[in-house]
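The values are calculated or read from the model by the stated rules, or taken from the named source; none is laboratory data. All of these numbers come straight from a predicted model, not from anything done at the bench. Reconstructed Cβ throughout: ideal geometry from the backbone, glycine too, with neighbour counts over all protein chains shown.
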Amino acid sequence: MSGIETRQKATLLLCGPRGFCAGVERAIQIVVLAIKKYGAPVYVRHEIVHNRYVVEGLEALGAVFVEDLSQIPTTEQPVIFSAHGVPKSIPVAAEARNLFYLDATCPLVSKVHKQAMLHNRRGRHVLLIGHKGHPEVIGTMGQLPEGCVTLIETLEDADAFVPENSQNLGYVTQTTLSVDDTAAIIQRLGERFEELQAPSAESICYATTNRQESVKAAATDTDLFLIVGAPNSSNSRRLVEVAERAGAQASALVQSRVDIPWQHLDGKTGEITIGLSAGASAPEILVSQIIEAFRERYGLTIRLAETAVEDEEFLVMRDLRDVPLEPSDMAFVNGTSVDHESESA
């Protein structure tokens, strides 16, 4: 009989919140508005956010991405610092060259900088829990003189650390870490150093926490859990780990639909369950394209797995607030919302 669905059935658990956070949206808007106000080219030091789709879209508008200020010619055009933050030496170097710069550092990263500096002003050696080489870690360590910060990446680092004065220690963390892993490291440090001082507010940002909680709630017994994000995106990689620990049979980081590891689903009989979320720098259009790939292969039911609602918004700097932001300006990153057959998880 025609019209009867004969394809294998699949349920896709679509996590919420997912994708862009307020800090990422602000950073992208800063680049777009700067191009509108000052014209092309606008220079950006480091990827504004860790997503090639976004970076390539901004390049098409007139952004030029560089890794070092020395790559920028003498110019009156603006230079933008990425959402991850920069060491204090970078604005100093820009000013030495009379470069006009706009700082797109996420306000929540800036908050961590201020917390680290407050520890330092109070005579404490700062322990930074984070990943070596990540631009956010480089930026945070670069807020203080050399030797004032020690990076702690693992429990083993927490055990091996020997301070000059165990009575004067304070910690901060990278904003995009695993909540559970970080809690374990902080507990270990607290057990070793009873006078260890916490920051005045939580360092791991709301978006990281919310996305991890949603993945954790949805991942149990899923056949495959996909996280949309870039390999150099810390928060996206942590989501893959969270899904695996929460019970997903397989979990993978994908940048687009071409990366879907179908082999993890081949040979499975009966109805399958897929989890899907996106890191804080992944645009919704990539999520929509991946959902469409599953629609093409399976008789798909989508269920929304939402654990929080985000309404945070960070304003751009005053220099750009006089520039109108039209919907068409962000068209290259705006995706179409999916129609959910069920709104409960």
>> Return the residues of region 26-57 that are in contact (Cβ under 8 Å) with a residue 60 or more places away in the chain, under 11 Å from Val333 (Cβ atoms) and not β-branched (Val, Ile, Thr); say none if nothing qualifies.
In response: Gln29, Asn51, Tyr53, Gly57
> For the subset of region 1-53 comprising residues that are under 15 Å from Glu284 (Cα atoms) and among the basic types (Lys, Arg), which member is surrounded by the most Cβ atoms within 10 Å (Cβ to Cβ)?
Replying inline: Arg18
> For Thr269, which of the numbered conditions (1) modelled with pLDDT of 95 or more; (2) out of contact with any Phe, Trp or Tyr (no Cβ under 6 Å at 6 or more places or on another chain); (3) of a type outside the set (A, V, I, L, M) fails to hold?
Replying inline: (1)
>> Being at pLDDT 95 or above, surrounded by fewer than 23 Cβ atoms within 10 Å (Cβ to Cβ) and assigned to a loop (DSSP other than H, G, I, E, B) narrows it down to one residue among Thr175, Thr182, Thr220; which is it?
In response: Thr220
> Condition test on Ala243, is it of a type outside the set (D, E, K, R), surrounded by 15 or more Cβ atoms within 10 Å (Cβ to Cβ), more than 19 Å from the chain's Cα centre (by Cα) and over 17 Å from Glu296 (Cβ atoms)?
Replying inline: no
> Of Leu169, Leu151, which residue is modelled with pLDDT of 95 or more, touching a Pro at 6+ places or on another chain (Cβ under 8 Å) and surrounded by 15 or more Cβ atoms within 10 Å (Cβ to Cβ)?
Replying inline: Leu169
> Going through region 238-290 one residue at a time, which ones are touching a Lys or Arg at 6+ places or on another chain (Cβ under 6 Å) and part of a strand (DSSP E or B)?
Replying inline: Ser277, Ala278
>> Here is a check on your reading of the model: is Asp159 more than 30 Å from Phe20 (Cα to Cα) and not aromatic (Phe, Trp, Tyr)?
In response: yes
> Just checking, how many residues over region 107-133 are on the phi < 0 side of the Ramachandran plot, surrounded by fewer than 18 Cβ atoms within 10 Å (Cβ to Cβ) and not basic (Lys, Arg)?
Replying inline: 6
> Here are Gln263, Gln255: which of them is surrounded by fewer than 24 Cβ atoms within 10 Å (Cβ to Cβ) and more than 14 Å from the chain's Cα centre (by Cα)?
Replying inline: Gln263
> Quick one: in region 66-99, which of the residues that are of a type in the set (Gly, Ala, Ser) and within 20 Å of Val31 (Cβ to Cβ) is surrounded by the most Cβ atoms within 10 Å (Cβ to Cβ)?
Replying inline: Ala83
> Of the residues in region 35-89, how many are in a helix (DSSP H, G or I) and either under 22 Å from the mean Cα position of the chain (by Cα) or assigned by TED's automatic domain parsing to the domain that holds Glu136 (or both)?
Replying inline: 8
